[in-house]
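Enquirer: I am attaching a structure below and will ask some questions about it afterwards.
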Ligand SMILES: [Zn+2]
């Protein structure tokens, strides 16, 4: 009897601590879309991608059945099919260009292509863009091998299938902001497709406020250490910014902002919102831009100042990445669909959907958020202006102690300012605009001064 009581006490304590912050309701519109993300659908996208034999960036672009050209055309046809559900808001195209040999991983003239579906926002005054990406190209052990079978089921069939599935489910939805579904080529040859896209966006000053890059997200185990886990996914975000670090360094150093860059803020948001909508999934923050010895398509974006993160499975099995299809000492090598976990891929795709939809439904970020530092006080005064676009129900004022990774308090107000009985010296603060349906904008941290 006594033992039972103790068990009950422990579980109550656990519930209080684990769920005390999770009072925010799910938006039923987003919840319904999350439920539409489907294992079988994801699996069918991957089997189709694998059926093109190889999707090496160097492979044929003219064969109707084999190679990256046929694979790109198939993705385009899927996007065009989904677009029919969008009442004209979704358009799709292949952005093509030719690359000359670069002395590195391009050895002859190569026809490149990024497949892009754009779901135009419903508010003509809202110029925000949110973007989700995966790379369609695949490889075997030798990155210059253009003919061998390179199924690329997980790298990056998983990310590409996720982007296709998101376009399928989200095509019908109405968001004030624009969402871009991007399937790039040339990742394995040096992030070439992402760099091409990011360069254009930079030159044309597109207002891309969040990029979720999905690369290797559908396998649940590690080789060597034999861990199996389909309840956690990693999100990588840069600490000190690649872009304009010199200009930002003084403020980062003086106010301890090294953990609150745009990419880190986006990663924290994806963790909160992803876990709100997807059960049995923990989004694990990794405080670095990428893994050792590896690159990814988010990097050309952060190098140009866009907030971009990388989403990748928790554990990696290197027997199934960048490998020739073969059996050695009883081990089957190769990036094949049999090595994947489609339920895990569903959860990771749903986490993307929740994050993207909540961002695209939310009002724009608040403007001119300022923290009053005129005098020495033990309280904190913040004030801000309404966002440029979007209907606002109110604002969340976020706070956390400076050594904490996640926001600890979320205070709702309908005013454009707040005085809090907490010292600005002990805490970080941020403000989010909140829509009528409860969707929060990305948090903005205050400028210091008056
Ligand atoms: Zn990859």
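The values are calculated or read from the model by the stated rules, or taken from the named source; none is laboratory data. Please read these numbers as outputs of a predicted model, since none were measured by experiment. No Cβ is skipped: glycine too gets one built from the backbone with ideal geometry, and neighbour counts run over all protein chains shown.
Enquirer: Of all residues in region 125-139 being within 13 Å of the ligand (Cβ to nearest atom) and in a loop (DSSP other than H, G, I, E, B), which is farthest from residue 89 (Cα to Cα)?
Expert: That would be 139.
Enquirer: Let me ask something else. Given the criteria more than 16 Å from the ligand (Cβ to nearest atom) and in a loop (DSSP other than H, G, I, E, B), does residue 122 qualify?
Expert: Yes, satisfied.
Enquirer: If you don't mind, another one. Determine, yes or no, whether residue 299 is more than 26 Å from residue 148 (Cβ to Cβ) and away from the ligand (no atom under 16 Å from the Cβ). Spell out the reasoning first.
Expert: Numbers: more than 26 Å from residue 148 (Cβ to Cβ): yes; away from the ligand (no atom under 16 Å from the Cβ): no.
In short, no.
Enquirer: Which pairs have Cβ atoms under 7 Å, sit 6 or more apart or on different chains, and link a residue in region 266-290 that is in contact (Cβ under 8 Å) with a residue 12 or more places away in the chain and at positive phi to one that is assigned to a helix (DSSP H, G or I) and surrounded by fewer than 16 Cβ atoms within 10 Å (Cβ to Cβ)?
Expert: Every condition considered, no pair remains.
Enquirer: Right, next: Do we find that residue 356 is in contact (Cβ under 8 Å) with a residue 24 or more places away in the chain, part of a loop (DSSP other than H, G, I, E, B) and closer than 19 Å to residue 270 by Cβ in this structure?
Expert: No.
Enquirer: Could you tell me whether any residue of region 364-381 is over 27 Å from residue 119 (Cβ atoms) and surrounded by 20 or more Cβ atoms within 10 Å (Cβ to Cβ)?
Expert: Yes.
Enquirer: Give the residues of region 359-407 that are part of a loop (DSSP other than H, G, I, E, B) and touching a helix residue (DSSP H, G or I) at 6+ places or on another chain (Cβ under 8 Å), sorted by residue number.
Expert: At the first step, the residues of region 359-407 found to be part of a loop (DSSP other than H, G, I, E, B) are 362-366, 372-379, 386-393, 402-407.
Within region 359-407, 405, 406, 407 qualify.
Enquirer: Determine which member of the set 186, 218, 190 is surrounded by fewer than 20 Cβ atoms within 10 Å (Cβ to Cβ) and within 16 Å of the ligand (Cβ to nearest atom).
Expert: Details: 186 fails: surrounded by fewer than 20 Cβ atoms within 10 Å (Cβ to Cβ); 218 fails: surrounded by fewer than 20 Cβ atoms within 10 Å (Cβ to Cβ).
The conditions single out 190.
Enquirer: Return the only residue of 91, 108, 122 being in contact with a strand residue (DSSP E or B) (Cβ under 6 Å, 6 or more places away or on another chain) and surrounded by fewer than 20 Cβ atoms within 10 Å (Cβ to Cβ).
Expert: Details: 108 fails: in contact with a strand residue (DSSP E or B) (Cβ under 6 Å, 6 or more places away or on another chain); 122 fails: in contact with a strand residue (DSSP E or B) (Cβ under 6 Å, 6 or more places away or on another chain).
Answer to the selection: 91.
Enquirer: In this structure, is residue 145 closer than 21 Å to residue 53 by Cα and surrounded by fewer than 24 Cβ atoms within 10 Å (Cβ to Cβ)?
Expert: Values: closer than 21 Å to residue 53 by Cα: yes; surrounded by fewer than 24 Cβ atoms within 10 Å (Cβ to Cβ): yes.
So residue 145 passes the test.
Enquirer: For residue 303, all conditions in the list (1) out of contact with any strand residue (DSSP E or B) (no Cβ under 9 Å at 6 or more places or on another chain); (2) farther than 19 Å from residue 264 by Cβ; (3) at pLDDT 95 or above hold save one; what is the number of the exception?
Expert: Only one criterion in (1) out of contact with any strand residue (DSSP E or B) (no Cβ under 9 Å at 6 or more places or on another chain); (2) farther than 19 Å from residue 264 by Cβ; (3) at pLDDT 95 or above is unmet by residue 303, namely (2).
Enquirer: For region 41-70, which residues satisfy the criterion of being in a helix (DSSP H, G or I), in contact (Cβ under 8 Å) with a residue 40 or more places away in the chain and out of contact with any helix residue (DSSP H, G or I) (no Cβ under 7 Å at 6 or more places or on another chain)?
Expert: 68, 69
Enquirer: Oh, and also: Going by the structure shown, is residue 277 away from the ligand (no atom under 16 Å from the Cβ), surrounded by 18 or more Cβ atoms within 10 Å (Cβ to Cβ), within 22 Å of residue 355 (Cα to Cα) and more than 13 Å from the chain's Cα centre (by Cα)?
Expert: The answer is yes for residue 277.
Enquirer: Here's another thing I want to ask about it. Out of region 433-450, which residues are outside any loop (DSSP other than H, G, I, E, B) and closer than 16 Å to residue 177 by Cα?
Expert: First, the residues of region 433-450 that are outside any loop (DSSP other than H, G, I, E, B): 433-434, 440, 444, 447-448.
433, 434, 440 - these are the residues of region 433-450 that are outside any loop (DSSP other than H, G, I, E, B) and closer than 16 Å to residue 177 by Cα.
Enquirer: Let me ask something else about it. Looking at (1) part of a helix (DSSP H, G or I); (2) touching a strand residue (DSSP E or B) at 6+ places or on another chain (Cβ under 7 Å); (3) more than 16 Å from the ligand (Cβ to nearest atom), which one does residue 160 not meet, given that it meets all the others?
Expert: Of (1) part of a helix (DSSP H, G or I); (2) touching a strand residue (DSSP E or B) at 6+ places or on another chain (Cβ under 7 Å); (3) more than 16 Å from the ligand (Cβ to nearest atom), only one is false for residue 160: (3).
Enquirer: If we keep just the residues of region 198-215 that are surrounded by 24 or more Cβ atoms within 10 Å (Cβ to Cβ) and over 23 Å from residue 102 (Cα atoms), which is farthest from the ligand (Cβ to nearest atom)? So that I can check it myself, show each step before the final result.
Expert: Within region 198-215, the first condition is being surrounded by 24 or more Cβ atoms within 10 Å (Cβ to Cβ), and the residues that meet it are 198, 210-215.
Okay, now just the ones that are also over 23 Å from residue 102 (Cα atoms), so 210-215.
Working: 210: 20, 211: 15, 212: 15, 213: 10, 214: 9, 215: 4 Å.
This residue is 210.
Enquirer: Moving to a separate point now. Tell me which of these residue 195 doesn't satisfy, since it passes every other one: (1) in contact (Cβ under 8 Å) with a residue 40 or more places away in the chain; (2) surrounded by fewer than 24 Cβ atoms within 10 Å (Cβ to Cβ); (3) farther than 22 Å from residue 312 by Cα.
Expert: So residue 195 meets the others, but not (3).
Enquirer: When residue 330 is evaluated against the numbered criteria (1) within 26 Å of residue 229 (Cα to Cα); (2) within 15 Å of the ligand (Cβ to nearest atom), which criterion, by number, is the only one it fails?
Expert: The failed condition is (2).
Enquirer: Go through the residues of region 163-173 one by one and say whether even a single one is within 16 Å of the ligand (Cβ to nearest atom), in a helix (DSSP H, G or I) and free of Cβ contacts under 8 Å to residues at least 60 places away in the same chain.
Expert: Checking region 163-173: at least one residue is within 16 Å of the ligand (Cβ to nearest atom), in a helix (DSSP H, G or I) and free of Cβ contacts under 8 Å to residues at least 60 places away in the same chain.
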